[in-house]
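Heads up: the structure comes next, in structure tokens.
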Amino acid sequence: MKPRIFSGMQPTGELHIGNYLGALRNWARIQHDYEPIFCIVDQHAITVRQDPKRLRESCEQVAALYLAAGLDPGHSAVFVQSQIAAHVELAWIFTCTVPFGWLGRMTQFKAKLQQAGQKHDAVGTGLFVYPVLMAADILLYQASVVPVGDDQSQHMELTRNIAQRFNSLYGKTFVVPETRLPSVGARIMGLDDPTRKMSKSAGSPNHAVSLLDPPGRVRKVIGRAVTDSEPGVDWSGPGPGVKNLLTIFQAFGDWTDGQMERHFAGMRYGSLKKEVTAMVNAKLEPIQRRYGELMDSRDYLRGVLRDSADRVAPIAEATMRRARKRTGLYGL
Ligand code: TYM
């Protein structure tokens, strides 16, 4: 049997090229080497306030993007987290297993707390225990590989620690999963500020390229991307903005380092931006076309989500039976 992979994304805001290059494209590429399970994590999304109607719609939009980006629903399970109640049940068991300090050390939580001016009353408890739910997502399906972007590395380390802790307290129950990062594009940076990773919640209009952006907007945002005061690409040490543009091109185009150097060394920034824009638009066009078709076939999309949830439910239930039994919970 092929090893199992699990990964997921939050259905909040529009997916951007960081989500695609760091995760989604990698999923599509490796899916046939594994038994793949891909989730749309709506329960993670409600750690911050969401508009209920919009959240439900976003789940189907993200499902359409997963398929448009190449996930094969005949092979990969594609479902929404809240369709399987066991995620939160296992998360509770883990919440009772994990020391408070482990969660307090998570840098994403610390950053959120800082954004809230260190006011503990201004951040939800869900944000604090969020990584425990993520561990439950993965361990519930006994996944051995988790393809994600670099920003999830710390959460993955915690997931491994939770699996190991549970196994040592209660006996071997969970597979300890490996993290798998893409070789190029594991951390795409903001176009307006290349010292910060590209994120959905950044707010500024020139920060990210969304997977659904029309070509004109892509041109504008990349055209305004921050570079530096050099006249052209200094191959021996490009600044962070230029490096980010080169990474975006290389990841989308699958060019080797040698090809990149031969083509881009010394190139003026205006030309670099034109080339990156052309590459991004060429790669987004088929995704957007397929996305449009899928959004017009809602019944099909909903069928994929339903069938996938039915397919993975027995795996989740088998794990839950063992976890309940091991921890001594009465209801089996
Ligand atoms: P989320 O929704 O923030 O991001 C989804 C995926 O996109 C990757 N990513 C990036 N990759 C490269 N550059 C970027 N700028 C960039 N921004 C995001 C993320 O690394 C991720 O792989 N906690 C997760 C969701 C989650 C999950 C899971 C993931 C919940 N349960 C179980 C894997 C397994 C998150 O918020 O991802």
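Values quoted throughout were computed directly from the atomic coordinates according to the rules given, and no laboratory measurement underlies them. Not measured: the values here are computed from a predicted model. Cβ atoms come from the backbone with ideal geometry, glycine included; neighbour counts cover every protein chain shown.
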| field | Shape call, the stretch 237-328: gyration tensor on alpha carbons, a/c limit 1.5 | value | oblate
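What shape does the stretch 86-210 take by its C-alpha gyration tensor, where a ≥ b ≥ c are the square roots of the eigenvalues and a/c under 1.5 counts as rounded, a/b above b/c as prolate, and the rest as oblate?
oblate
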| Could you work out the helix-only [θ] at 222 nm for the chain, with each DSSP H run of four or more residues adding -39,500 (n - 2.57) and the total divided by the number of residues, to the nearest 500 deg cm²/dmol? | -16500 deg cm²/dmol
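List the relative contact order of the stretch 150-287 as a percent without decimals, with contacts defined as Cα pairs under 8 Å and 6+ residues apart.
After rounding, I find 21 percent.
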| Looking only at 280, 62, 98, which one moves most when the chain is put into a Gaussian network model with springs between Cα atoms under 10 Å? | 98
| What are the trypsin sites (Lys or Arg not before Pro) within the stretch 44-104 that DSSP puts in a loop, where the Cβ has at most 16 other Cβ atoms within 10 Å? | 49
| field | lysines with Cα under 16 Å of residue 119, excluding same-chain neighbours fewer than 8 positions away | value | 110
| What's the extension gain from residue 325 to residue 278 if we count 0.36 nm per residue and subtract their Cα-Cα distance? | 11.3 nm
| message | Can you tell me which of 278, 64, 163 moves the most in a GNM of the chain? Springs connect C-alpha atoms under 10 Å apart. | response | 278
| query | Label-point separation (nm) for residue 295 and residue 88, each offset 7 Å from Cα along Cα-to-Cβ? | reply | 2.9
| In terms of the Cα gyration tensor, with a ≥ b ≥ c the square roots of its eigenvalues, is the chain rounded because a/c is under 1.5, prolate because a/b exceeds b/c, or oblate? | prolate
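For the stretch 1-146, what does the relative contact order come out to in percent, with C-alpha contacts under 8 Å and a separation of six or more?
On the way: 158 pairs, mean separation 49.2, N = 146.
Contact order relative to length: 34 percent.
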